[in-house]
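The values are calculated or read from the model by the stated rules, or taken from the named source; none is laboratory data. Fair warning: this is a prediction, and the values are worked out from it, not measured in the lab. Methodologically, a virtual Cβ is constructed for each residue, glycine included, from the backbone with ideal geometry; neighbour enumeration extends over all protein chains shown. To get the accessible areas, we keep the full protein, side chains included, count just its heavy atoms, and leave off ligands, DNA and RNA. Shrake-Rupley method; radii C 1.70, N 1.55, O 1.52, S 1.80 Å.
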Amino acid sequence: TTIILSIILTLGLLISGAATNLTFETDDDVIFTPFGALPTKHRDWIKDDSDFPDLPRDYVILIHQQGQNMLNATLGAAMESVERAFDALEALQETNGLQDLCPWPTNQDSSNAFDTSCPWDSVTQFFNNSRQVFRDQVQTNQQAIDALSASTYPDGTLVLSTQIFGKPVRQDPNNRSSTLISIESYLIVLGLPDNDTILSQTQDYEQDAIDTVFGVQNDNPEEWADLDYVVDQYNERSFGDEFARGFAQNIPLLIAAFTIMIVFTIGFFSQRNWVYSRASMGVGAVMSTTMGMLAGFGVMFIAGIPLTSITGMLPFILVGIGLDDAFIITSEYFRSKPASTNDNRDDSDDIIVQRVHYTIQEVGLSITTTTITTGVAFGLGATSSIPAVYWLCLYAIPAIVMDFVFAITFFVAIIVIDERRVQESRRDCLCCLTAPNKPKPEETENEKTMDASSGHGQLEQNDEPPAADSAIAVTAPPRERESTELFVDKIMKTYATYLLLPWVQVAVVISFLALLAGCAYSTSQLEQDFDVSFVLPEGSYVVSFLDAMEDYNTNSDAKPEITFRFVDQSKSETQDQMEHFINDLVELSEISDPPDQFWLRDFKAFIAGNTSGVGDLDFNDQIAVFLEVPAYKVLYEEDIARNANGDVTASRTKITMDQVDLDDVREQIDALENQEKVSAKQPVNQGIGGGDWPFFTLADNYFIWSFFASCPQELAQTTILGVVSVAAITILTIPHWSAVFFVTPLICILYVDLLGVLQFSGVAVNSISYITLTVSIGLMVDFLMHVLLRYYESRPLDRQSKVQDTLSTMGSSIFVGGFTTLLGTIPLAFSTLEIFQVVFKTFIALVTLGVAHGLIFLPVVMMMIGPQGPSIRTD
């Protein structure tokens, strides 16, 4: 009944959640930007409340020759490079769906081959977007260079060089009409409509166009690859698609992780004897962990918590740590054995129940305590303001709780059923078949009772029985079972004997102190870093595009938009404040020059130079006349927001942070904080919350910079809270005053060692390592808590016997549990996603250090200064 109800509960939660509130989040700005960050508030206002037109979904194509000058006269590169731009442009036009999204005139002729209604920029505009016009007008490379050097397009529209050329160099840098002598790339930008009613059509076009554009390059190697031409591209769905593709590539790894766990547990519990083999119990252990994870996820689906690709790392973590409870329960159960058996089924069931009661009595506190510490670790992570961390931890908490619940219900039921199978001499896995009766080997005197120093697995003369039926006693496990786990116990007992030799203890203390010193120094060298390639699969075209933009195009610099709102922009004093704000920003070390285009500057010059009476009009009419000029209309119509009355409700301009190294996290944080300081000190912003500032700046880079800025503080806060929480849990769950004085310093040592090892292995503090570090304290303390609890519950009176008893009983469970956690994360080493490889490295370090401190360093410390006396159970 317990098994059936557990399965029904799991499926019910999972199906209900998937069918109701299951949501996905793939926007990296949302995933990594802290809740309530100023960039988020400012973006939401621009998108939802401002009168600015909706920004299009930019489809960007970059054509380059991997750093070569695309105007090289000796190779005729200018003519050839323009041909490649037409190739890309025609690929966009030929992709199904563009006519529906961006209609163009049906009578369009060869003189204007691409006259779409969507905004766009391209070098082909110099030739009316017609390849035929280009070929008719341009016969030599110099003619191509002269055409590309023009300051206006044929229709009189002003050319903004940096919007179509990558790293342009002119003979006279101060003359925008001067001849171009070098260009490293061409940029084609098509603005697709961002309208909810046709969003699915836009996304379908974006997906199809990616394949079409790459197809042009791949199908014509003699025109592209043979001449070193490369096309890179990116659109609004690219990141999410590649993010999802990377996750999909790792689904086989998840299957591999569960397969490894199943094979390991089957091998661990199997024996040559078909009856005493417990392979089916091993499968039940993996099922229990899997069901706990699925049920926990179902709860979060129902709650509507978004699922992200970052959450995809969680199963690899849970599949390892989830089996720990199962190994601890089975280890203790195998140590218990009825003093006598009875063929009566009812008596046999009573004996099994008594063994289960005894097992839970022995290990219940231990697995409950470690479940609490693990849950608290993820609970502290759920206090994070980083959505990726917050949502991942929310998914982990119910999964951990449900894993615990199923371990003491579903898995215990599996143990009972399997024990009945053994008593009925039915074969493992093939329980419908009965094995032939064979005489059991006689037990020796040593096999009838465990080592007297242990006290576990038997009831001493003065101890209370584990249940009301005092006729049932518990003694040592039967040798005929040849349990693998008991074999591990034997190894741990031998290991304990050598570990407690005086010279070994000295060597252990020196070695671990040296490790701490080295890791403390390594920790001081730890740096922050973030590369978008961390979350994208190997070979992603998005990574290639971003690298090419950085290497061959100046548009990779941060370009904040300076926004003015909530003020009367017709007043001269307001206009002075606007100009003063820009001047203050230009004084920052991150910014070299004022904006290339600022509507207020050009507006004043326009009014001052106009002699047709425009100066006598009111401000609204002046703005209207100003925007009727074609050049100004192109430049500023979308940057001056007006209401129905013609009042300017908001305006903006763009500035370049050209002195910020986008590979240096510290510089990025400084840039974010410095511009916020400048904004905060503006008189118009005084006494107003940052989210409501009339003057502010906003750039796409600000979102990830906000993550960088919040990481150190949140990591420090989570670490302190983690240590305090672990200390509090220790005081509450281990009824001995000295326990907290072992746990607290040891968990601090472990954390420093972990940071040092990660830095040494090349892992920096980024979005992924931040998540693993946030929960690491609660995971590492498990290795310590199991050892301490068994030590304090051990019945021997002296330290040496207590340590030997602890290692020979709980030691094997800790070792096997740590080993399974490593097995669960090994497939991550083969992931094409850097984020999963970071998780792998972190958990290798975390488990190795945790097991080493729990089974080597802590026992030596307890041997030296651990409390002596009776078990806390006796007390």
Index of the failed condition, THR563 passing every other in (1) in a helix (DSSP H, G or I); (2) closer than 30 Å to TYR59 by Cβ: (1)
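Residues checked against (1) open to solvent by 30 Å² or more (accessible area, probe 1.4 Å); (2) at pLDDT 90 or above; (3) basic (Lys, Arg):
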residue: LEU501; (1), (2), (3): yes, yes, no
residue: VAL506; (1), (2), (3): yes, yes, no
residue: ILE510; (1), (2), (3): yes, yes, no
residue: LEU513; (1), (2), (3): yes, yes, no
residue: LEU526; (1), (2), (3): yes, no, no
residue: ASP529; (1), (2), (3): yes, no, no
residue: TYR541; (1), (2), (3): yes, yes, no
residue: PHE545; (1), (2), (3): no, yes, no
Residues satisfying the stated conditions in the range 177-203, i.e. of a type in the set (Ser, Thr, Tyr), touching a helix residue (DSSP H, G or I) at 6+ places or on another chain (Cβ under 9 Å) and touching a residue at least 40 places away in the same chain (Cβ under 8 Å): SER185, TYR186, THR202
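The rows are residues; the columns are (1) modelled with pLDDT of 80 or more; (2) among the polar types (S, T, N, Q).
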| site | (1), (2) |
| --- | --- |
| GLY304 | yes, no |
| LEU307 | yes, no |
| GLY312 | no, no |
| ILE317 | no, no |
| ASP324 | yes, no |
| SER331 | yes, yes |
| LYS337 | no, no |
| ARG345 | no, no |
Residues located in the range 247-281, provided they are out of contact with any Ser or Thr (no Cβ under 6 Å at 6 or more places or on another chain) and more than 22 Å from GLY292 (Cβ to Cβ): ALA248, PRO252, GLY267, ARG272, ASN273, TRP274, TYR276
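I'd like to check something: does the range 798-808 contain any residue that is in contact with a Pro (Cβ under 9 Å, 6 or more places away or on another chain), crowded, with 24+ Cβ neighbours inside 10 Å and hydroxyl-bearing (Ser, Thr, Tyr)? Please lay out each step first, then the result.
At the first step, the residues of the range 798-808 found to be in contact with a Pro (Cβ under 9 Å, 6 or more places away or on another chain) are 799, 802-807.
Now narrow it down to the ones that are crowded, with 24+ Cβ neighbours inside 10 Å: 802-807.
Those still in the list that are hydroxyl-bearing (Ser, Thr, Tyr) too: 806.
Yes, the range 798-808 contains a residue that is in contact with a Pro (Cβ under 9 Å, 6 or more places away or on another chain), crowded, with 24+ Cβ neighbours inside 10 Å and hydroxyl-bearing (Ser, Thr, Tyr).
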The listed residue being of a type in the set (A, V, I, L, M), more than 28 Å from LYS47 (Cβ to Cβ), open to solvent by 20 Å² or more (accessible area, probe 1.4 Å) and out of contact with any Leu (no Cβ under 6 Å at 6 or more places or on another chain), out of VAL726, VAL740: VAL740
Filter result (in contact (Cβ under 8 Å) with a residue 40 or more places away in the chain and among the hydrophobic types (A, V, I, L, M, F, W, C)) within the range 347-382: ILE351, ILE352, VAL353, VAL356, ILE360, LEU365, ILE367, ILE372, VAL376, ALA377, PHE378, LEU380
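For the range 216-243, give me each residue that is of a type in the set (A, V, I, L, M) and surrounded by 15 or more Cβ atoms within 10 Å (Cβ to Cβ).
Of the residues in the range 216-243, the ones of a type in the set (A, V, I, L, M) are 216, 225, 227, 230-231.
Across the range 216-243, the qualifying residues are VAL216, LEU227, VAL230, VAL231.
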Residue list for the range 598-621, restricted to those being open to solvent by less than 60 Å² (accessible area, probe 1.4 Å) and in contact with a Ser or Thr (Cβ under 9 Å, 6 or more places away or on another chain): PHE598, TRP599, LEU600, PHE619, ASN620
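If the requirement is being more than 27 Å from GLU638 (Cβ to Cβ) and either touching a strand residue (DSSP E or B) at 6+ places or on another chain (Cβ under 6 Å) or at pLDDT 85 or above (or both), which of these qualifies: GLN142, GLN99? Explain how you work it out, then say what you get.
Details: GLN99 fails: more than 27 Å from GLU638 (Cβ to Cβ).
None of the others qualify; the one that does is GLN142.
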Which numbered condition ARG666 fails, given (1) open to solvent by less than 40 Å² (accessible area, probe 1.4 Å); (2) closer than 24 Å to ILE31 by Cα; (3) touching a strand residue (DSSP E or B) at 6+ places or on another chain (Cβ under 9 Å): (1)
Matching residues, the range 159-210, being of a type in the set (Asp, Glu) and farther than 19 Å from GLU550 by Cα: ASP172, ASP194, ASP196, ASP204, GLU206, ASP208
Hits in the range 287-336 - residues which are within 30 Å of CYS431 (Cβ to Cβ), open to solvent by 10 Å² or more (accessible area, probe 1.4 Å) and either without any contact (Cβ under 8 Å) to a residue 40 or more places away in the chain or not in a helix (DSSP H, G or I) (or both): THR290
Selected residue (only one of LYS677, LYS654 is open to solvent by 50 Å² or more (accessible area, probe 1.4 Å) and modelled with pLDDT of 95 or more): LYS677
Filtered residues of the range 841-856 (kept if surrounded by fewer than 22 Cβ atoms within 10 Å (Cβ to Cβ) and farther than 14 Å from LEU754 by Cβ): ILE856
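Picking from TYR791, TYR770, which residue would you name as being closer than 30 Å to ILE669 by Cα and open to solvent by less than 40 Å² (accessible area, probe 1.4 Å)? Working first, answer last.
Values: TYR791 fails: closer than 30 Å to ILE669 by Cα.
Within the list TYR791, TYR770, the selection yields TYR770.
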When residues of the range 272-286 are limited to those that are part of a helix (DSSP H, G or I) and of a type in the set (A, V, I, L, M, F, W, C), the one surrounded by the most Cβ atoms within 10 Å (Cβ to Cβ): ALA285
Residue check for THR212: under 30 Å from VAL535 (Cβ atoms) and among the hydroxyl-bearing types (Ser, Thr, Tyr): yes
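So which residues in the range 597-615 are without any contact (Cβ under 8 Å) to a residue 40 or more places away in the chain and not in a helix (DSSP H, G or I)? So that I can check it myself, show each step before the final result.
In the first step, residues of the range 597-615 are kept if they are without any contact (Cβ under 8 Å) to a residue 40 or more places away in the chain; the result is 601-615.
Those that are without any contact (Cβ under 8 Å) to a residue 40 or more places away in the chain and not in a helix (DSSP H, G or I): ASN610, THR611, SER612, GLY613.
Condition test on ILE491, is it of a type outside the set (Phe, Trp, Tyr) and open to solvent by less than 70 Å² (accessible area, probe 1.4 Å)?
no
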Per-region count, the range 371-429, residues more than 29 Å from TYR358 (Cα to Cα), out of contact with any Pro (no Cβ under 8 Å at 6 or more places or on another chain), among the β-branched types (Val, Ile, Thr) and not in a helix (DSSP H, G or I): 1
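Looking for something within 30 Å of GLN93 (Cα to Cα) and out of contact with any strand residue (DSSP E or B) (no Cβ under 9 Å at 6 or more places or on another chain) - is there at least one such residue anywhere in the range 241-256? Talk me through it step by step, then tell me what you get.
Taking the range 241-256 and keeping what is within 30 Å of GLN93 (Cα to Cα), we get 241-246.
After this cut, where a residue has to be out of contact with any strand residue (DSSP E or B) (no Cβ under 9 Å at 6 or more places or on another chain) as well, the list is 241.
Yes, that holds for at least one residue.
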When residues of the range 368-377 are limited to those that are surrounded by fewer than 24 Cβ atoms within 10 Å (Cβ to Cβ) and of a type outside the set (S, T, N, Q), the one farthest from TRP705 (Cα to Cα): ILE372
Residues of the range 169-205 satisfying the condition of being surrounded by 17 or more Cβ atoms within 10 Å (Cβ to Cβ), of a type in the set (S, T, N, Q) and outside any strand (DSSP E or B): THR202, GLN203
Residue within the range 820-832 that is modelled with pLDDT of 85 or more, open to solvent by less than 10 Å² (accessible area, probe 1.4 Å), among the hydroxyl-bearing types (Ser, Thr, Tyr) and within 24 Å of the chain's Cα centre (by Cα) present: no
Members of the range 736-761 found to be in contact with a helix residue (DSSP H, G or I) (Cβ under 8 Å, 6 or more places away or on another chain) and of a type outside the set (A, V, I, L, M, F, W, C), listed by number: HIS736, THR744, TYR751, ASP753, GLY756, GLN759, SER761
